[in-house]
Amino acid sequence: MNLRKKIMLNSPVIDGIKFIMLAMFCGWLIYRGSGRIGYNWQWYQVPRYLFTFDNNIFTPGPLLEGLWVTLKITACSLVLATVFGLLTALLRLSGSLVGRVLARVYLEVIRNTPLLVQIFFLYFVLAPIFELERFAAAVIALSLFEGAYASEIIRAGIVSIHRGQWEAAHSLGLSSFDTYRTVVLPQALQRILPSLTGQAVSLIKDSALVSTIAVYDLTMQGRTIIAETFLTFEIWFTVAAIYLIITLVLSLIVNVLEKRSPGGVQFT
Amino acid sequence: MTRSESVVKEIIIDVDNINKTYPGPIPALVNFTTRVNKGDVLVVIGPSGSGKSTFLRCLNGLEEIDSGTIIIDSIPLDDNEKHRLEIRREVGMVFQSFNLFPHMTVLENINLAQRLVRKKNRQQATRTTMDLLDKVGLAEKAESYPAALSGGQQQRVAIARALAMKPKVMLFDEATSALDPEMIGEVLEVMNLLANEGMTMVVVTHEMGFAREVSDWIIFMEAGRIVEQDRSGNFFSNAKKERTRRFLSQII
Ligand SMILES: Nc1ncnc2c1ncn2[C@@H]1O[C@H](COP(=O)(O)OP(=O)(O)OP(=O)(O)O)[C@@H](O)[C@H]1O
Ligand SMILES: [Mg+2]
């Protein structure tokens with residue numbers, strides 16, 4: 001194959017055409033399939049579940065309300081998961097045996113039980129004891145779960161920082177707190193940002209599971225609409241598309257952030 | 001003999017009979033004793049693995065000693081955290097691999113400890129930083145990131161960063177070993193300047209010409225032990241130990 005052909009085959013245009021052909025093929029399959037089971041497409045029904053626009057007044061429909069709940073849950077869990085992740089990573093790297101054992105137990109329990117069971121455990125067992133609301137229970141369950149994975153990523157980032165950086169900070173008289181805050185974590189964060197973004201994307205997707213404890217997130221709203229209207233295909237397609245959009249937007253934002261910081265992220 | 005014996009000098013580094021063994025069979029420092037007067041330059045030489053770095057790193061608490069005592073500017077380097085912190089602040093260190101903070105500009109690198117440890121405000125810190133950058137000849141690089149500097153420039157920034165803490169003692173661990181030959185001179189020049197200003201320095205180096213020129217005292221060590229310790233003039237002109245002479249003849 002000559003070079004020219006190679007370039008042609010790898011060009012974005014060819015990629016685009018391949019993608020469109022694949023999408024059309026999938027669409028055709030679904031169309032055929034739905035035709036065979038006699039599915040009656042009613043896309044025109046969908047917009048009003050997203051939003052309505054009466055007399056120039058914008059009213060969000062159940063799907064957008066659900067999206068808002070999903071975003072709130074995700075944002076709160078993201079913050080809390082980062083806190084859990086960072087604390088656990090620091091505990092595992094600390095000199096305290098108790099701290100290390102505690103962190104280890106947390107990690108093993110979380111990583112070796114299903115998230116769904118953790119959500120149920122929090123909601124049905126712990127929530128009544130501590131008088132937690134659904135939303136709080138959902139956020140805590142999700143952050144404990146994602147925090148465990150985040151902590152492994154953060155720990156790997158911290159230990160990847162060259163010993164010389166610690167030694168330079170040490171010999172300048174910096175406290176360990178300042179060393180972490182100004183020298184180690186900013187550099188570690190820079191390195192692990194792609195993995196952490198992946199974890200955040202997982203968090204968004206996993207948040208769908210909180211619909212099982214009747215938190216009215218995007219997924220729950222979708223299920224409710226379908227139960228009432230039987231627009232199964234249209235609503236699930238729409239819900240999936242919305243999840244796809246949020247995760248893509250998140251990746252995009254992180255990408256831009258990454259390009260903007262030359263040497264790392266600054267906390268000072 | 002460069003200086004009169006009769007001048008009473010203040011001892012600023014007092015290392016008494018320290019021992020250090022890393023996990024493993026070979027000890028890194030054995031019954032190591034030395035004293036450094038304020039304003040003197042002590043150069044430590046010896047073959048690879050003889051414990052030169054270990055000695056330096058013990059002086060600022062980067063490594064723990066197993067036994068013996070280290071006193072720096074009347075502060076014992078013991079288990080007391082306050083003492084250790086105080087010594088870290090008073091002893092600057094320059095590394096073979098520079099160890100600048102890559103995510104900060106030159107200015108931020110040098111300001112950092114002044115702000116956090118010496119509690120200066122931004123203006124005061126920046127003033128000191130710019131003075132120091134002037135001194136090492138890099139004032140125009142204040143806003144650069146380390147990656148944009150040559151090795152020699154990075155090492156001069158690292159020296160300025162250590163000096164910004166106004167240390168009483170400076171440690172140099174093979175500060176020029178990672179540099180291309182044409183950049184060694186610019187770093188040695190800065191070190192020379194410091195020595196002439198009366199900075200107390202402990203220097204590990206393979207640059208024998210520089211060692212000879214700048215040192216007041218020389219320690220030659222091997223396998224964690226001091227083989228010979230003498231005033232610079234004596235050491236180079238008539239070393240007492242056969243082992244020292246052999247080492248010198250190999251390296252010069
Ligand atoms: N972190 C460590 N863990 C285990 N052994 C070590 C460690 N650092 C140094 N050593 C050992 O201690 C001895 C002294 O090492 P040191 O680095 O002090 O020598 P050096 O004189 O600085 O050598 P070089 O000229 O190669 O830098 C060597 O045998 C070395 O292998
Ligand atoms: Mg060494």
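The values are calculated or read from the model by the stated rules, or taken from the named source; none is laboratory data. Please read all numbers here as calculations on a predicted model, not as lab measurements. So basically every Cβ, Gly included, is an ideal-geometry build from the backbone, and we count neighbours across all protein chains shown. Surface accessibility is based on the protein's heavy atoms, side chains included, excluding ligands, DNA and RNA. Shrake-Rupley method; radii C 1.70, N 1.55, O 1.52, S 1.80 Å.
Where does helix A:185-206 land angle-wise versus the long Cα axis of chain A, in degrees 0 to 90, nearest 10? Relative to chain A, helix A:185-206 is tipped by roughly 30 degrees. The listed residues A:Glu65, B:Glu108 rank as A:Glu65, B:Glu108 when sorted by accessible area, largest first, using a 1.4 Å probe. Separation of the stretch B:184-209 from the stretch A:70-135 is 54 Å, based on Cα centroids.
Model label sites at A:Trp236 and A:Val101, defined 7 Å from Cα along the beta-carbon direction, differ in position by 4.8 nm.
When the GluC sites (Glu not before Pro) in the stretch B:5-102 are filtered for DSSP coil states and for at most 11 other beta-carbon atoms within 10 Å of their beta-carbon, the remaining sites are B:Glu5, B:Glu10, B:Glu64. Against the main long axis of the alpha-carbon atoms of chain B, helix B:151-163 sits at an angle near 90°. Taken across both chains, chains A and B shield about 2000 Å² of accessible surface from a 1.4 Å probe. Of all lysines in the structure, those lying under 22 Å Cα to Cα from A:Lys72, and not within fewer than 8 positions of it along the same chain, are A:Lys205. In this simple spin-label model, placing a label point 7 Å from the Cα along the Cα-to-Cβ direction at both A:Asn112 and B:Arg225 gives a separation of 5.3 nm.
Extension gain for A:Glu228 to A:Asn40 (0.36 nm times residue separation, less C-alpha to C-alpha distance): 66.1 nm.
Positive-end ranking of B:Met199, B:Gln96, B:Met183 along the dipole of the stretch B:90-243, with charges on Cβ about the Cα centre, is headed by B:Met199. Which lysines does A:Lys18 reach when only Cα atoms under 22 Å apart count, and residues fewer than 8 places away in its own chain are ignored? Counting by Cα, and skipping residues close in sequence, A:Lys18 has these lysines nearby: A:Lys5, A:Lys6. In the structure shown, the pairs B:Lys52/B:Lys120; A:Lys259/B:Lys135; B:Lys82/B:Lys120 are assessed against 31 Å; a Cα-Cα span above that value is assigned to B:Lys52/B:Lys120; A:Lys259/B:Lys135.
Return one number: the angle in degrees, 0 to 90 and rounded to the nearest 10, between the long axis of the Cα atoms of helix A:12-36 and the longest principal axis of the Cα atoms of chain A. So the inclination is approximately 50 degrees. When shorter helices are ignored and each DSSP H run of at least 4 residues is given -39500 (n - 2.57), the per-residue value for the protein assembly as shown at 222 nm works out to -17500 deg cm²/dmol.
Thinking of the stretch B:130-193 as a set of Cα atoms, what percent of all their pairs are more than 20 Å apart? Every Cα pair in the stretch B:130-193 considered, those over 20 Å come to 21 percent.
Per-residue 3J(HN,Hα) values for the stretch A:102-114, derived from phi via the Karplus relation 6.51 cos²θ - 1.76 cosθ + 1.60 with θ = phi - 60°, read 4, 4, 5, 4, 3, 4, 5, 4, 5, 7, 10, 10, x Hz in sequence order (x marks Gly and Pro).
Here's how it looks for B:Met221: its modeled amide H is under 5 Å from those of B:Ile45, B:Gly46, B:Val227, which are all 5 or more places away or on a different chain.
With a 1.4 Å probe rolled over the protein heavy atoms of all chains, the accessible area of A:Phe233, B:Phe236 falls in the order A:Phe233, B:Phe236, largest first. Simple point charges give the picture: +1 on the Cβ of Lys and Arg, -1 on the Cβ of Asp and Glu, and for chain B a dipole about the Cα centre of about 340 debye. When the surface is traced with a 1.4 Å probe over the full set of protein chains, B:Tyr145 keeps roughly 70 Å² accessible.
Dipole of the protein assembly as shown computed with +1 at Lys/Arg Cβ and -1 at Asp/Glu Cβ about the Cα centre; of A:Val239, A:Phe19, A:Leu115, farthest Cα towards the positive end is A:Phe19. The Cα atoms of the stretch B:13-79 give a gyration tensor whose axes a ≥ b ≥ c have a/c of 1.5 or more with a/b no greater than b/c, which makes the shape oblate. Name the long-range amide H neighbours of A:Phe51: under 5 Å, sequence gap of 5 or more, or other chain; modelled H, no Pro or chain starts. For A:Phe51, the qualifying residues are A:Gly61. For B:Lys38, B:Lys240, the ranking by accessible surface with the largest value first comes to B:Lys240, B:Lys38, using a 1.4 Å probe.
Positive-end ranking of A:Gln221, A:Ser195, A:Ser175 along the dipole of the stretch A:175-232, with charges on Cβ about the Cα centre, is headed by A:Ser175.
Derived scalar couplings between HN and Hα for the stretch A:210-227 equal 6, 4, 5, 9, 6, 8, 7, 8, 3, 5, 4, 4, x, 4, 5, 4, 5, 4 Hz in order, rounded to whole Hz, by the Karplus curve 6.51 cos²θ - 1.76 cosθ + 1.60 (θ = phi - 60°), x for Gly and Pro.
Annotation: A:Tyr216 carries an accessible surface of approximately 110 Å², with a 1.4 Å probe and no ligand, DNA or RNA atoms counted. Of all DSSP bridge pairs formed entirely within the protein assembly as shown, close to 60 percent run antiparallel.
About its Cα centre, the stretch A:62-260 has a charge dipole of approximately 640 debye under the convention of +1 per Lys or Arg Cβ and -1 per Asp or Glu Cβ, with nothing else charged.
In the complete set of protein chains, residue-level accessible area for A:His162 is approximately 120 Å², probe 1.4 angstrom. Which percent of Cα pairs goes in each bin when the distances of the stretch A:4-135 are cut into 10 angstrom slices starting at zero? In order of increasing distance, the bins hold 9, 16, 20, 22, 21, 10, 1 percent. Here, chain A is characterised by an Rg to Rh ratio of 1.07, where Rg is the alpha-carbon radius of gyration and Rh the Kirkwood radius.
Over the stretch B:97-137, the ratio between the Cα radius of gyration and 2.2 N^0.38 Å evaluates to 1.13.
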